[in-house]
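Written below as structure tokens is the structure these notes are about.
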Amino acid sequence: MAHTVKNVAFIGTGIMGAPIAGHILDAGFKLTVYNRTRAKAEPLLARGATWADTPAEAAKTADVVFTMVGYPTDVEDVYLGSNGILEAAPKGSYLIDLTTSSPQLARELHDAAEVMDKHAFDCPVTGGEEGAVNGTLTLIVGADERTAAPVLPVLESFSGKIFYFDRAGAGQLAKLCNQVSLASCMVGWADALALARQSGIDEERMLEMLAGGMGGSVALQRLAPRAVEGDYRPGFLVEHLRKDLGLALAEAEELEVTLPGAETGFMLYDTLAQVGGARMGTQAIALLYEDEEAAAAAGLDWSILPPAEPDPHEHHHHHHHH
Ligand code: NAP
């Protein structure tokens, strides 16, 4: 690859990908895009990006290929599928996955690319839709500074901070730490809101008071007001936080560490996804504290959920008490 990046390919122009790709375009790089649903790439095409019919087509002349898709299975598809970027990208190119995905998969893709004289690393992000729109995302890089240096100009076009975790997959692990902490922040403000609501104190004043103090969080500042307003449109999808906590709990199990906060968060987001909230924003956690009628008005359907299994521990109670 030439020492300066010129051609950039971007796969996955959803909530996060579209604004990120927009910043890459604004920075003057030549951009080729592919997305499963073409309509979501149209605004970028109108601004001068080139459409490709497959991921491979997008990658074949690229110096750098970014992916920002949904799930690890989507990452696998786009890298290794029949029209995959791993095979199609030129030797010396950089394949950078911005998706929140599996650390193990990131290591596998890195190793497979290395053999083909290509550079693949994980680079999940944090900062939410706002961070993507403002170009101020925090990048969580699964490579060292030297490895990423050639692509720094393009990374800087959409980020505010860059953290290097030095090894393939380590960016994903650090991102999962972020999601584990985020889950408890979400449960924290949703609990607080439910308590305030039930007690009759002023909810908004309570949230404003919390925001600047030890009990506050960026999650509370940005998302609790949306829940109070009844705005459950997605900035960050419920089904994606559920995925992230599932990935974190799988890692935790492998590493033999218990994460009670993440387990609680997973249970709540899993339930929310099952009762019709999968494509809502994560602030919809507040709906789990509402009565059935209010939840139904917001679009949830508790009758979808299979009836709870009888608790097996109940039967043993007798014996324990002897
Ligand atoms: P999104 O709006 O669903 O975007 C994902 C995009 O990837 C969609 O446009 C989707 O196509 C496309 N896609 C999925 N699988 C594909 C495939 N196999 N081939 C081609 N395109 C494919 O979700 P998002 O909010 O941008 O999130 C993307 C990733 O970033 C997720 O892993 C999420 O966990 C993570 N993330 C999100 C946020 C946030 O605040 N939103 C923050 C940090 C990280 P369609 O248009 O057909 O659906």
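For THR73, work out the one condition from (1) under 24 Å from ALA113 (Cβ atoms); (2) open to solvent by less than 30 Å² (accessible area, probe 1.4 Å) it doesn't fulfil.
Unmet for THR73, out of (1) under 24 Å from ALA113 (Cβ atoms); (2) open to solvent by less than 30 Å² (accessible area, probe 1.4 Å): (2).
Which one is most open to solvent (accessible area, probe 1.4 Å) among residues in region 24-48 that are farther than 22 Å from PRO150 by Cβ and more than 16 Å from the ligand (Cβ to nearest atom)? Spell out how you get there, then give the answer.
Filtering region 24-48 for residues farther than 22 Å from PRO150 by Cβ gives 34-48.
Cutting the leftovers down to more than 16 Å from the ligand (Cβ to nearest atom) gives us 46-48.
Details: ALA46: 92, ARG47: 127, GLY48: 54 Å².
Top of the filtered list is ARG47.
Each row is one residue, and each column tells you yes or no for (1) at pLDDT below 95; (2) away from the ligand (no atom under 11 Å from the Cβ); (3) in contact with a Gly (Cβ under 9 Å, 6 or more places away or on another chain).
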| residue | (1), (2), (3) |
| --- | --- |
| THR50 | no, yes, no |
| ALA58 | no, no, no |
| VAL64 | no, yes, no |
| THR67 | no, no, yes |
| ASN83 | no, no, no |
| TYR94 | no, yes, no |
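Is region 196-204 home to any residue that is at pLDDT 95 or above and either open to solvent by less than 30 Å² (accessible area, probe 1.4 Å) or within 30 Å of THR73 (Cα to Cα) (or both)?
Filtering region 196-204 for residues at pLDDT 95 or above gives 196-204.
Subset that is either open to solvent by less than 30 Å² (accessible area, probe 1.4 Å) or within 30 Å of THR73 (Cα to Cα) (or both): 196.
The answer is yes; a qualifying residue exists.
Before we move on, is GLU263 part of a helix (DSSP H, G or I) and at pLDDT below 95? Step through it out loud before you land on a result.
Values: part of a helix (DSSP H, G or I): yes; at pLDDT below 95: no.
Answer is no for this residue.
Taking VAL64 as meeting all but one of (1) open to solvent by less than 30 Å² (accessible area, probe 1.4 Å); (2) closer than 29 Å to GLN283 by Cα; (3) in contact (Cβ under 8 Å) with a residue 40 or more places away in the chain, write down the number of the exception.
(2)
Just name the residue that is nearest to the ligand (Cβ to nearest atom) out of those in region 108-131 that are of a type in the set (D, E, K, R), touching a residue at least 12 places away in the same chain (Cβ under 8 Å) and over 10 Å from ILE96 (Cβ atoms).
First, pick out the residues of region 108-131 that are of a type in the set (D, E, K, R): 108, 111, 114, 117-118, 122, 129-130.
The next check asks that each one be touching a residue at least 12 places away in the same chain (Cβ under 8 Å); those that pass are 111, 117-118, 122, 129-130.
Next, from what is left, pick out any that are over 10 Å from ILE96 (Cβ atoms): 111, 117-118, 129-130.
On the way: ASP111: 21, ASP117: 25, LYS118: 19, GLU129: 5, GLU130: 8 Å.
Among those that are of a type in the set (D, E, K, R), touching a residue at least 12 places away in the same chain (Cβ under 8 Å) and over 10 Å from ILE96 (Cβ atoms), it is GLU129.
Tell me the residue from ASP144, ASP122, ASP117 that is open to solvent by less than 10 Å² (accessible area, probe 1.4 Å) and of a type in the set (D, E, K, R), please. Talk me through it step by step, then tell me what you get.
Details: ASP144 fails: open to solvent by less than 10 Å² (accessible area, probe 1.4 Å); ASP117 fails: open to solvent by less than 10 Å² (accessible area, probe 1.4 Å).
Within the list ASP144, ASP122, ASP117, the selection yields ASP122.
Anything in region 1-23 that is part of a loop (DSSP other than H, G, I, E, B) and more than 9 Å from the ligand (Cβ to nearest atom)? List them, or say none.
We begin by selecting, within region 1-23, every residue part of a loop (DSSP other than H, G, I, E, B); these are 1-6, 12-16.
MET1, ALA2, HIS3, THR4, VAL5, LYS6, listed by residue number.
Please list, ordered by residue number, the helices (runs of 4 or more DSSP H) wholly in region 24-84 having 2 or more residues that are among the small types (Gly, Ala, Ser). Before the answer, list the steps.
Numbers: elements: 42-46, 55-59, 72-80.
Once the helices (runs of 4 or more DSSP H) in region 24-84 are filtered for at least 2 residues that are among the small types (Gly, Ala, Ser), what remains is 55-59.
Looking at region 211-242, which of its residues are farther than 21 Å from THR126 by Cβ, open to solvent by less than 60 Å² (accessible area, probe 1.4 Å) and not in a loop (DSSP other than H, G, I, E, B)?
Residue satisfying the conditions is VAL228 alone.
Would you call ARG47 closer than 30 Å to LEU245 by Cβ, of a type in the set (Lys, Arg) and over 17 Å from the mean Cα position of the chain (by Cα)? Lay out the reasoning, then the answer.
Details: closer than 30 Å to LEU245 by Cβ: no; of a type in the set (Lys, Arg): yes; over 17 Å from the mean Cα position of the chain (by Cα): yes.
The answer is no for ARG47.
Looking at THR136, is it polar (S, T, N, Q), touching a strand residue (DSSP E or B) at 6+ places or on another chain (Cβ under 6 Å), open to solvent by 10 Å² or more (accessible area, probe 1.4 Å) and more than 12 Å from the ligand (Cβ to nearest atom)? Show your work before the answer.
Working: polar (S, T, N, Q): yes; touching a strand residue (DSSP E or B) at 6+ places or on another chain (Cβ under 6 Å): yes; open to solvent by 10 Å² or more (accessible area, probe 1.4 Å): yes; more than 12 Å from the ligand (Cβ to nearest atom): yes.
The answer is yes for THR136.
The values are calculated or read from the model by the stated rules, or taken from the named source; none is laboratory data. Here the structure is a predicted model, which is why all the values come from computation and not from measurement. A quick note on method: Cβ atoms are made from the backbone with ideal geometry, for glycine too, and the neighbour counts reach across all protein chains shown. Please note that ligands, DNA and RNA were not included when accessible areas were found on the heavy atoms of the full protein model with its side chains. Shrake-Rupley method; radii C 1.70, N 1.55, O 1.52, S 1.80 Å.
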